[in-house]
Every structure is written in structure tokens, then in C-alpha cells.
Amino acid sequence: MQRFATGTDAALELRPDQPLYCFRPDVLKQDARQFMKLFPGETAYAVKTNGEPMVLKALVDAGVKIFDVASPGEFAAVRAASKTAEMLYMHPVKAQSDIRLALEKYGIRVMSLDHEDEIAKVLRIVRALDLDPASITIFVRLQTKGHAMYELSKKFGAAPGHAVELVQRLGRIGFKVGLCFHVGSQVEEAESYELALKSADWVRNRAGVELVGLDVGGGFPAVYGHDPNRKAKPMPPLEELMGKLRENITEWAFDDMPLVAEPGRVVVARAFSLVVRVLLRKGRRLYINDGIWASLSDSWTGKITLPARFIPEPARRIRKGNPANIVPFRVCGATCDSVDILSRPFWLPETVDTGDWIEIGHIGAYSLSLRTRFNGFYPNDFVEVTTPFGEDGEAESFASLETMAD
Ligand SMILES: *Cc1c(COP(=O)(O)O)cnc(C)c1O
């Protein structure tokens, strides 16, 4: 992979016409180590956030030994990055053939579930393979209520009373039992974890089964851009949120059992930026070579303020407007689909024009992993960059949360 000091250097040297991912392995390792240092338990990286081989490899180098996986594709990706990494199969609803593959081929011994029929499914395969249930740990996934940008409890999780029954049933069969939850992605307040710990405590007290661990899931917020047009309450810094979580863990007496976290976003968001090119400017519209079916899937970029940097094409001699004037542009994606228009504008110098580049920062999470081959476009070019985005000069532009009238 070619290396550059900054994304701007890469853009000016390579003049990419296709979207270009700038991978920052040192930033990734630093953020992974930071998380492991702050969290009082084991760290299992959530592979779905970004499962690129280069990411998994760098995480292994940084000392990550456990991975949260959900599918055969993820089992294989982790195994390719490390022969010895442990995998936690934390998808509560699994195909029978995938459970068999996990147990038989990959030696996975930790899973999660939230329903008795899933217990029956797992047990059938455990029996067929003649495994001892006591060699397998099953985490019962609890429903949670909290505030995160992306709710996840609507889909998975057993209500507390139901969770008690599941824990007891698993205990009777002879499985080792733990509790897990996921408060949602990009949590907006530390209280989300406290509420979940409180209900985990409630379940523990009523189940009367010795628990072997607590998995607090992911949700830890990543750093994104700042939108000067919006008075948003600032995200609590990770140190502060973790301090609060550690206090709550002690308060609810979970500090004497093995703990696991499954961070995704907070570990990998800063590790990538994306250099896109303006294929055409039409008034206040920019047609770029990426979009919602590639790296800028609107289901998540629509809620986050992404930092961005304008990289003017040096060959363009004549420009209209004042470069100090930052104005909103509607951004249209690369495909022919009429929904491929970002719901939020990008604020850029009004001089931006056809042929210019824009580097969008902090897109490592849920961006590469969500790209599709729709319309034949599939960004897959990478370079390595050594300087963290934002430390190579102010990112003067951003993708705003403000909506824009056409
Ligand atoms: C998606 C997911 C994660 C990672 O969540 P982040 O908010 O990216 O940290 C962790 N655990 C499970 C079970 C998940 O589904």
C-alpha cells in the first residue's frame, strides 16, 4: 500500500478519480489501546463495524485478542487475521448451520441468545457434536432502554422476567451463563449503561444461578465533527464515560466477575478518511463519486456531523466566489438512483468546483462495511496515511446536521 503523510498529499499526488480510502493504522492501534486501557475487563472488537483484513491485522498487532462475530464470513475473517484469537458469537438469532460451523470448525465456545427456541437450537447441535454444555458459555441478551443515536434494543433482547427464565433454563442444562446487553450505538449519555446494569442486577438477583460474566456490549461514542451552526450538547469524552461506567459497575457489584465490552465505532471511526472527487458542480449541487450505496450510507451519515476538508484541484486557475465563504452544498451520490442524495448538506468554500476533492474524516465505522456493488460502483482503493485527520490543519468544512432546502 502506498504511504502518504496526509490525505491531501495522497489526493494531489494520485489525483484519484475513484473514491480513495486513507487508512491510518497508527491511529487505529492508538484508539484500540486507549479503549483497552480504560475498560476494566476484556475487549472484544465488533467485527461488523469494519472487518477489512488490514483492520483486523492492525488490531491483532495492537494486542486485541477477542473478536465479536456474527456470521461465517466474520469467523473466517478473524481466523485469517489470527490463528489464536478468541471469538464471541454474539448474534442472538443464528442459523442452525452457522451454530454448527462455529462450534465444530471454529471452536467457538461463547454465544448469546434471547429466546428459548434458540436454546433448543444450540442444544440440539451441542448434543449432536457430543460436547459438554459446561464447556460453553451462553450470554442472555437483555433488553435495554437508553439514549443512543442508533437504538438496538427494539430488535433484540429479552425483557427482565423472561431473561430470568432463560438464565435458569440454561443453568439447568449445565451451560455456563452470563448476561449481555447492547445499549445502542453512539450512546448520548452514560446513564444508558447504568440503566442496563441495574436491570442485569435485577435478573441476577432473581435467577439464583451463578453468572460467569457480564458483557456490556458496544455503543461507546466516537469523535466526529463539530457543526458550528448547531448547538448540540457535546458528546461526553470517552474517559469521562468510562469513569462513570466503572463507578456504576462497582455500585451494582459487577466488579467481582469477568467483564467484556464489544466496542466497534469508538475503536475504528478515526482510522479512515475518504477522498472523494467532485465529478460535477451544478449550482449548489455537487455530484461526487461516492454516496449512500457506498461509503456514505445515509442511515448513519444522516445523524452524524462528519468533518471534511476541501482539497482544491491546483490545475483550476479560475474560480468564482470567495474561498472564505463557507456555504451548504447538496451532495449527490455516484449511482443513478434518485434516492442517492445525502440528506444533509456539506458546508464547503463557495469556490468548490468540478474536479476538486473533498476528504471526509472519521469514516472508519459502518462505512466500508456497508458499501454495495449497486450500479457497478464499488470503492476499493486504499492508501496508508500517517497523520491523524484534523492534525494536519483545521478541517474547515463539515457535513452538517442542518437540513437544506433544494
Ligand atoms: C454492533 C454491535 C457492537 C458494536 O457497537 P458499536 O456501537 O459500534 O460500539 C457490539 N456488540 C454487538 C452485539 C453489536 O451488534
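The values are calculated or read from the model by the stated rules, or taken from the named source; none is laboratory data. Computed from a predicted model, the values in this text were never measured in an experiment. Virtual Cβ from ideal backbone geometry, glycine too; neighbours counted across all protein chains shown.
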Exercise for the section: Output the number of residues of region 326-366 satisfying the condition of being closer than 14 Å to GLY291 by Cα, among the β-branched types (Val, Ile, Thr) and assigned to a loop (DSSP other than H, G, I, E, B). Expected result: 3
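Only one residue in LEU59, LEU88, LEU28, LEU101 is over 16 Å from the mean Cα position of the chain (by Cα) and touching a residue at least 40 places away in the same chain (Cβ under 8 Å). Which one? Please lay out each step first, then the result.
On the way: LEU59 fails: over 16 Å from the mean Cα position of the chain (by Cα); LEU28 fails: over 16 Å from the mean Cα position of the chain (by Cα); LEU101 fails: touching a residue at least 40 places away in the same chain (Cβ under 8 Å).
The conditions single out LEU88.
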Practice task
For PRO323, state whether it is assigned to a loop (DSSP other than H, G, I, E, B) and at pLDDT 95 or above.
Solution key: no
Exercise for the section: Filter region 157-174 down to residues that are within 16 Å of the ligand (Cβ to nearest atom) and either β-branched (Val, Ile, Thr) or assigned to a loop (DSSP other than H, G, I, E, B) (or both), then give me how many there are. Expected result: 1
Problem - Subset of region 355-386 that is touching a strand residue (DSSP E or B) at 6+ places or on another chain (Cβ under 8 Å) and hydrophobic (A, V, I, L, M, F, W, C) - its residue that is nearest to THR335 (Cα to Cα) - result: LEU368
Practice task
Within region 273-295, track down each residue that is out of contact with any helix residue (DSSP H, G or I) (no Cβ under 9 Å at 6 or more places or on another chain) and among the aliphatic types (A, V, I, L, M).
Solution key: VAL276, VAL278, LEU279, LEU280, LEU286, ILE288
Practice task
Output the qualifying pairs, or none if there are none: Cβ atoms under 9 angstrom, residues six or more apart or on different chains, first residue in region 108-123 and assigned by TED's automatic domain parsing to the domain that holds GLY178, second residue part of a helix (DSSP H, G or I) and among the hydroxyl-bearing types (Ser, Thr, Tyr).
Solution key: ARG109/SER135
Practice task
Run ASP132 past the list (1) crowded, with 17+ Cβ neighbours inside 10 Å; (2) away from the ligand (no atom under 12 Å from the Cβ); (3) acidic (Asp, Glu) and report the number of the one that doesn't hold.
Solution key: (1)
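Out of LEU348, LEU286, which single residue is more than 24 Å from the chain's Cα centre (by Cα) and at pLDDT 95 or above? Walk me through it before giving the result.
Numbers: LEU348 fails: at pLDDT 95 or above.
After applying the criteria, what remains is LEU286.
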Problem - Candidate set from region 22-35 (those that are within 16 Å of the ligand (Cβ to nearest atom), buried (at least 18 other Cβ atoms within 10 Å of the Cβ) and not acidic (Asp, Glu)); member that is nearest to THR386 (Cα to Cα) - result: LEU28
Handout entry: Sole residue being at negative phi, crowded, with 18+ Cβ neighbours inside 10 Å and within 16 Å of the ligand (Cβ to nearest atom), chosen from GLY333, GLY364
Key = GLY364
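Is region 42-61 home to any residue that is basic (Lys, Arg), surrounded by 16 or more Cβ atoms within 10 Å (Cβ to Cβ), assigned to a helix (DSSP H, G or I) and touching a helix residue (DSSP H, G or I) at 6+ places or on another chain (Cβ under 9 Å)? If you could, list the steps in order and put the result at the bottom.
Here is the first cut: in region 42-61, the ones basic (Lys, Arg) are 48, 57.
If we keep only those that are surrounded by 16 or more Cβ atoms within 10 Å (Cβ to Cβ) as well, we get 48.
Pick out the ones that are also assigned to a helix (DSSP H, G or I) and you get 48.
Adding the requirement that they be touching a helix residue (DSSP H, G or I) at 6+ places or on another chain (Cβ under 9 Å) leaves 48.
Within region 42-61 (the criterion being basic (Lys, Arg), surrounded by 16 or more Cβ atoms within 10 Å (Cβ to Cβ), assigned to a helix (DSSP H, G or I) and touching a helix residue (DSSP H, G or I) at 6+ places or on another chain (Cβ under 9 Å)), the answer is yes, since at least one residue qualifies.
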Completion exercise
Matching residues in region 367-393 (of a type in the set (Gly, Ala, Ser), more than 16 Å from the ligand (Cβ to nearest atom) and not in a loop (DSSP other than H, G, I, E, B)) number 1
Fill in the blank from the handout: Considering only strands (runs of 3 or more DSSP E) wholly within region 68-156, the ones with at least 3 residues that are at pLDDT below 95 are 148-150
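For (1) part of a loop (DSSP other than H, G, I, E, B); (2) more than 26 Å from GLN186 (Cα to Cα); (3) in the same structural domain as ASN50 (by TED's automatic domain parsing); (4) within 16 Å of the ligand (Cβ to nearest atom), each residue gets a yes or a no:
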{"position": "ARG246", "(1), (2), (3), (4)": "no, no, yes, no"}
{"position": "ALA253", "(1), (2), (3), (4)": "yes, no, yes, no"}
{"position": "ASP256", "(1), (2), (3), (4)": "yes, yes, yes, no"}
{"position": "VAL275", "(1), (2), (3), (4)": "no, no, no, no"}
{"position": "TYR287", "(1), (2), (3), (4)": "no, yes, no, no"}
{"position": "ILE292", "(1), (2), (3), (4)": "yes, no, no, no"}
{"position": "SER295", "(1), (2), (3), (4)": "yes, no, no, no"}
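How many of the residues in region 175-190 are in a loop (DSSP other than H, G, I, E, B) and either near the ligand (Cβ under 8 Å from one of its atoms) or without any contact (Cβ under 8 Å) to a residue 40 or more places away in the chain (or both)?
So in region 175-190, the residues in a loop (DSSP other than H, G, I, E, B) come out as 175, 182-184, 188-190.
Narrowing the set further to residues that are either near the ligand (Cβ under 8 Å from one of its atoms) or without any contact (Cβ under 8 Å) to a residue 40 or more places away in the chain (or both) leaves 182-184.
Residues that pass the stated criteria total 3.
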Fill in the blank from the handout: The residue that is surrounded by the fewest Cβ atoms within 10 Å (Cβ to Cβ), considering only those in region 267-310 that are charged (D, E, K, R) and free of Cβ contacts under 8 Å to residues at least 60 places away in the same chain, is LYS282
